[in-house]
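Novice: Input: one structure, supplied below.
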Amino acid sequence: MKINATTKMATPIEEKFDQNLKTRTGMVMISDGKSKPELARLHLSMEMITIQKQDTSTPAPTPTSTSHPPIESKERMVQITRQKVGGLGLSIKGGAEHKLPILISRIYKDQAADATGQLFVGDAIIKVNGEYITACPHDDAVNILRNAGDIVVLTVKHYRAATPFLQKQLSRETPESDNDATCAELKADEVWKSANNSRPVSISSEPENRWIDLVSVPLMMAYVTRYIYGTDKLRPNAFEVRGLNGTTTGIIHCDDLAILSQWLKYITDNIVGLTSLQMKLYNRNFPVGERIEYMGWVNEGVISNHISWQSYKPRFLVLKGTEVMLFDSPPLNVAGLQKATVAYKVYQTMFRVVKESETVDSRQHCFLLQSSGHEPRYLSVETRQELLRIENSWNAAIVTSVIKLGRKTFAVSHHGKPGGLTLDWQAGFSLTEGADANEIWQYKFSQLRGSSDDGKSKLKLHFQDHETRSIETKELECQVLQSLLFCMHAFLTAKVASVDPAFLSSIQQA
């Protein structure tokens, strides 16, 4: 079947299973956002989205021996038995810090990898014993392989474009330790950059159709967007997938809205699944009160003096333990979690979903984060479902952070006397005065009926007496009023959430 490249059409999505892995394919239109869209095929696996074009050249003959690298870009699972001398018998290059996959750069003769007959120079390692390493820096990948046990199952995919270069490196006897230099040369090499017949090829269900991979974007901690980059403008019937390593699919156009919605759902589901898996792997390193509740991309509205409108910048949001953090790029390992661009304490930060009538532009699904002493941050996500995920994760993080904090005391003035207002997870509100911290009054959180403030330093708390049912008003002054109010809101939110059976059930399931 010959495809007319000028036809503007999206075909229904086809599902297939390859080694128990589900893949989806369908025809779409692709552009760079400026030039005329061209017909291409979209190929979606669990961890990768690939743009393909039809190969009109004469097909290469199918290899008759497993000693030759595969011509197809399908994933393969290969089991290796580690040897006492020589280990796995292979070396690797690449890594997330170089925006390259983990590539097998050398296979040592008569050692473990060579004995399988199924691994080749140019194979990209996607998983080690079922765990994705597509987002790993080089050194982390080396450690994972070293500590993977005696029986190691690798999920690999062959990249023919890299093979000639790596083999050339072997002939030059490039030191295995010189990963940075090799990666720099590999990315600069025209073979790697060009989208010609040396690119990985996969074969469709129709024998006469062959497909060349133009670009592949790893879905681990990637994001899909329908907005024109940096703006609040939606692309009509189109979207883009941007990867952790800086790659992009280009603009994917789909004239059929039903098919467009399906692609968006399938891609988003895969991204959420992979990111959740990475979150669980990170959480193995943390005790319960310090674990990650949420990881994902948001877009932050940025006001600039040089332009008259608000632009948007992608940020990676992490809710971990008692902190909410924003990164310019996702943390590639546990150590990377210490390098946030912005970090606030959850119990001193307000989270508020922006109503549709309050949005500042055409971006939907927006929310505000404001920490005491800082300007509010205006953020948005792609879907209502993602906003709900963040809101639920925020409530869980509030409970975790408040329970871990336990209590917090603020310096206040009561009737002109210095004192301390304490918020205690178990006891509620209490006011102490004097050097001996004598308790003047104490109320449970459930007794608070309201509060009011002047926005500067004065605060009124209205409590209901259990016996008389009368309302008692306590007037205080606090020089860090906003911090006190935010913390008070966190304690009250956590208290309400903790006694909600449905919420407790969702936390236990999570």
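Novice: So in the stretch 128-147, with the set limited to residues that are open to solvent by less than 30 Å² (accessible area, probe 1.4 Å) and in contact (Cβ under 8 Å) with a residue 60 or more places away in the chain, which one is farthest from K99 (Cα to Cα)?
Specialist: Restricting to residues being open to solvent by less than 30 Å² (accessible area, probe 1.4 Å) and in contact (Cβ under 8 Å) with a residue 60 or more places away in the chain, the top hit is Y132.
Novice: Pick from R106, R76, R41: which is surrounded by fewer than 20 Cβ atoms within 10 Å (Cβ to Cβ), at pLDDT 85 or above, in a strand (DSSP E or B) and at negative phi? Full working, then the answer.
Specialist: Details: R76 fails: at pLDDT 85 or above; R41 fails: surrounded by fewer than 20 Cβ atoms within 10 Å (Cβ to Cβ).
Every option except R106 fails the conditions.
Novice: Please give the strands (runs of 3 or more DSSP E) falling wholly within the stretch 319-415 in which 1 or more residues are closer than 26 Å to E240 by Cα. Full working, then the answer.
Specialist: On the way: elements: 323-327, 342-345, 349-353, 366-371, 377-380, 407-414.
Hits in the stretch 319-415: 323-327, 349-353, 366-371, 377-380.
Novice: Here is a list: K458, K444. Which entry is surrounded by 13 or more Cβ atoms within 10 Å (Cβ to Cβ), without any contact (Cβ under 8 Å) to a residue 24 or more places away in the chain and over 28 Å from V499 (Cα atoms)? Working first, answer last.
Specialist: Details: K444 fails: over 28 Å from V499 (Cα atoms).
Testing whether each residue is surrounded by 13 or more Cβ atoms within 10 Å (Cβ to Cβ), without any contact (Cβ under 8 Å) to a residue 24 or more places away in the chain and over 28 Å from V499 (Cα atoms) leaves just K458.
Novice: Being among the small types (G, A, S) and farther than 28 Å from V346 by Cα is the filter here; which residues of the stretch 438-484 pass it? Don't jump to the end; show me each part of the working.
Specialist: In the first step, residues of the stretch 438-484 are kept if they are among the small types (G, A, S); the result is 446, 450-452, 455, 457, 470, 483.
S470, the sole residue that qualifies.
Novice: Among the residues of the stretch 258-280, is there at least one that is under 22 Å from V334 (Cβ atoms), outside any loop (DSSP other than H, G, I, E, B), among the aromatic types (F, W, Y) and open to solvent by 20 Å² or more (accessible area, probe 1.4 Å)? Break it down stepwise before answering.
Specialist: Of the residues in the stretch 258-280, the ones under 22 Å from V334 (Cβ atoms) are 271-280.
Next, only the ones that are outside any loop (DSSP other than H, G, I, E, B) stay: 271-280.
From the residues that got through so far, the ones that are among the aromatic types (F, W, Y) too are none.
Checked the stretch 258-280: no residue is under 22 Å from V334 (Cβ atoms), outside any loop (DSSP other than H, G, I, E, B), among the aromatic types (F, W, Y) and open to solvent by 20 Å² or more (accessible area, probe 1.4 Å).
Novice: Within the stretch 461-480, restricting attention to residues that are assigned to a loop (DSSP other than H, G, I, E, B) and among the β-branched types (V, I, T), which residue is surrounded by the fewest Cβ atoms within 10 Å (Cβ to Cβ)? Break it down into steps so the answer makes sense when it comes.
Specialist: Step one: filter the stretch 461-480 for residues assigned to a loop (DSSP other than H, G, I, E, B), giving 465-470, 478-480.
Right, trim to among the β-branched types (V, I, T) and you get 468, 480.
Values: T468: 8, V480: 16.
Among them, the one singled out is T468.
The values are calculated or read from the model by the stated rules, or taken from the named source; none is laboratory data. The structure presented is a predicted model; accordingly, all values stated were derived computationally and were not measured. Because the Cβ atoms are built from the backbone with ideal geometry, glycine has one as well, and the counts that use them run over all protein chains shown. These accessible areas exclude ligands, DNA and RNA; they are computed on the full protein's heavy atoms, side chains included. Shrake-Rupley method; radii C 1.70, N 1.55, O 1.52, S 1.80 Å.
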